[in-house]
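Reading through the structure tokens given below for one structure.
The values are calculated or read from the model by the stated rules, or taken from the named source; none is laboratory data. Since we're looking at a predicted model, the values are computed, not measured. Counting neighbours? That spans all protein chains shown, and the Cβs are built from the backbone with ideal geometry, glycine included.
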Amino acid sequence: MANPKWKTPRSKTRSRRAANWKLNPVTTVECSQCHQAKLPHFVCPACGFYDGRLVVEPKDEHAGHSHG
Ligand SMILES: [Zn+2]
């Protein structure tokens, strides 16, 4: 028969391939400022806007010299 000889032990049930699939569905919302996907209730990592205002300075691509 095509049945497994033993049932899956409890220690293995949690690590089965399909068991831990999609454990944390990442919810994203569109930033109202730059329309990038961002986490809800988080400052947008792309433009630094939250709730329609600039909260943090967005990361500059040209990171200048640290001293100066
Ligand atoms: Zn944004």
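Structure above, values below:
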quantity	calculated
Residues within region 32-59 that are near the ligand (Cβ under 7 Å from one of its atoms), under 15 Å from the mean Cα position of the chain (by Cα) and assigned to a loop (DSSP other than H, G, I, E, B), tallied	3
Verdict on residue 22 being in a loop (DSSP other than H, G, I, E, B) and either in contact with a Phe, Trp or Tyr (Cβ under 8 Å, 6 or more places away or on another chain) or modelled with pLDDT under 90 (or both)	yes
Selected residue (only one of 19, 2 is surrounded by 10 or more Cβ atoms within 10 Å (Cβ to Cβ) and more than 14 Å from the ligand (Cβ to nearest atom))	19
First in region 1-29 and under 30 Å from residue 50 (Cβ atoms), second anywhere and loosely packed, with under 10 Cβ neighbours inside 10 Å and of a type outside the set (Ser, Thr, Tyr), Cβ under 8 Å, 6 or more apart	27/40; 28/40; 29/40
